[in-house]
1. Kindly indicate which of 120, 151 is out of contact with any Asp or Glu (no Cβ under 6 Å at 6 or more places or on another chain), touching a residue at least 12 places away in the same chain (Cβ under 8 Å) and farther than 17 Å from residue 73 by Cα.
2. What number of residues within region 310-321 are in contact (Cβ under 8 Å) with a residue 40 or more places away in the chain and over 13 Å from the mean Cα position of the chain (by Cα)?
3. Condition first: among the aliphatic types (A, V, I, L, M) and open to solvent by 40 Å² or more (accessible area, probe 1.4 Å). Now tell me which residues in region 64-88 satisfy that.
4. For region 205-222, which residues satisfy the criterion of being in a loop (DSSP other than H, G, I, E, B) and open to solvent by less than 10 Å² (accessible area, probe 1.4 Å)?
5. Being over 24 Å from residue 493 (Cβ atoms) and not aliphatic (A, V, I, L, M) narrows it down to one residue among 318, 374; which is it?
6. Just to be sure I understand, how many residues within region 139-173 are open to solvent by less than 10 Å² (accessible area, probe 1.4 Å) and in a strand (DSSP E or B)?
7. For region 461-493, which residues satisfy the criterion of being under 18 Å from residue 379 (Cα atoms) and β-branched (Val, Ile, Thr)?
8. Of (1) at pLDDT 95 or above; (2) closer than 23 Å to residue 62 by Cα, residue 164 satisfies all except one. Which?
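The values are calculated or read from the model by the stated rules, or taken from the named source; none is laboratory data. The model shown is predicted, which means the values in this text are computed figures rather than measured ones. Cβ sites come from the backbone with ideal geometry, for glycine too, and all protein chains shown count toward neighbours. Note: accessible area is taken over every heavy atom of the protein model, side chains too, but ligands, DNA and RNA are not part of it. Shrake-Rupley method; radii C 1.70, N 1.55, O 1.52, S 1.80 Å.
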Amino acid sequence: MRKIPQLFLCMLFCCTLLIGCSKTQQDQSNSNVSESLSVFEQGLIEEDKGDLKQFNTATQYELQLSLEQPYSELKGQEKVTYWNNEDVALNEIYLRMFPNNSGDCMVVSKILVDGQETAINVEFDNTAVRVDLPAALEPGESVLLELTYTIQIPTDYGGNYGLFSYIDGILALDEVYAVIPVYDDEGWNVEIPPANGDMIYTDASFFIVTIHAPAELLIASSGTVIDEKESDGMQTQTVVAGPVRDFYLAASANYQAVSEQVGETLVTSYYPEGYEEGGEFVLQSGVKALNTYNELFGTYPYTELDLVGTPMQAGGMEYSSIVAVGVQYYDPDTIVSGTSAFTFLEMATAHEVAHEWFFNMVMDDQIDEPWIDEGMAQYLTQLYYEYNYGSSAARSFKESLYSRWERVNNRAIPIGLPVRDYTETEYGAIIYGRAPLFIQSLRDKMGDEVFFEFLKNLFTEYKWGILNTEEFRAIAEESCGCDLQEEFDSWVY
């Protein structure tokens, strides 16, 4: 497991809303931590506020995002305080530029390192920028990076399922900033993003985001709004989010919203005008999913969960404290593959909400080991049907997993391969079909009592950390007191 940084004592923020501690502040007393982190408590339920003390040296982002009509361009300014939590000195830092999966959309015009301008080194087909540090960043030290950039917003379905776009009056702003990937035993996890899989592989981080946009837009985003103002037809929102893996926002002048309270969490469904029935259906599906996973694993940590309908070429997409669902399924009169679109709408909502546990709270390398979070999210979706509709509904969903696997003639292709080793057809069949069936096989071997204890142990042990295949296996074997070599050989390796 990649441990949560706890080794270095420093205030998380120099002041409440300005990110950027200097190296000389590393001797700050730990007694200051709770006060400096208090702004993030507004977005966390009571039992998770105590987790903040684990993040003294987590990466900290301050974003300024500006939008104007006709929504063809976003202007961004970014400050990142990065702490070296590794045991080696770092001579450079990489930042991913995921908007460029849709073409050359994002252009960084200036980078400062601790206030000094530096060269802009673009690599990996313009999807990453390398920042060379003037001096090696030793373990325990921090550096402040500042970026100025613009992003052209596509008006058609670009790369990665069209998740980043302005289509039909809806802004879907997927990863519209430069994000630091995980550094591990492989070094910086930076590469040309694969065409099929998800891309985010990050440590838990903190965001303070200021959004300037026309007042006509109803905005849904990760995190919690702590301040908002309106003047001369423009609105300014200040949003805090953390600990999270990423930051996402969607907005539209045509959005409406409906909400329901679940414990300490307000669940809100955002949908285009005219799709009221779909918006309400997503809300109720999200509420049921939240209740189910809260009971099975541990309580969702945030005071808000947003469910937003956006144009996309996928069924849905997960982000931290917000999920996007394909708006093409919001019309109950639409028939997809001979079935009501609401069947797909509920399935996608349950799956994406499941990712709040396995992707957001428990992260894995989605490029090298995609079976973990996608397999778990798919299996949790099966549990959603089992807990809310009974065993017959769960069997129907399980049959859909076999149907996916049948797309490759039920070949025993290992589920543990990196994204790049699968064809597009294989990726869908194996990662979304065979991987959750492997988890079902563990349940069959362990029995329900041991299996569900294993799931809770897995979540508890790796909450806010990073999980890999061998650690998954170790927890499974520890939970059942059995050797799972044969199962992992047959399914994973």
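1. 120
2. Kept after step one, since they are in contact (Cβ under 8 Å) with a residue 40 or more places away in the chain, are these residues of region 310-321: 310-314, 317-321.
Imposing the further condition that a residue be over 13 Å from the mean Cα position of the chain (by Cα) reduces the set to 310-314.
Going through region 310-321 one residue at a time, the tally reaches 5.
3. Filtering region 64-88 for residues among the aliphatic types (A, V, I, L, M) gives 65, 67, 74, 80, 88.
Across region 64-88, the qualifying residue is only 88.
4. If the condition is that a residue be in a loop (DSSP other than H, G, I, E, B) and open to solvent by less than 10 Å² (accessible area, probe 1.4 Å), then 222 is the only one that fits.
5. Working: 374 fails: over 24 Å from residue 493 (Cβ atoms).
Result: 318 is the single residue among 318, 374 that is over 24 Å from residue 493 (Cβ atoms) and not aliphatic (A, V, I, L, M).
6. 11
7. Hits for region 461-493 are 469, 475, 492.
8. Of (1) at pLDDT 95 or above; (2) closer than 23 Å to residue 62 by Cα, only one is false for residue 164: (1).
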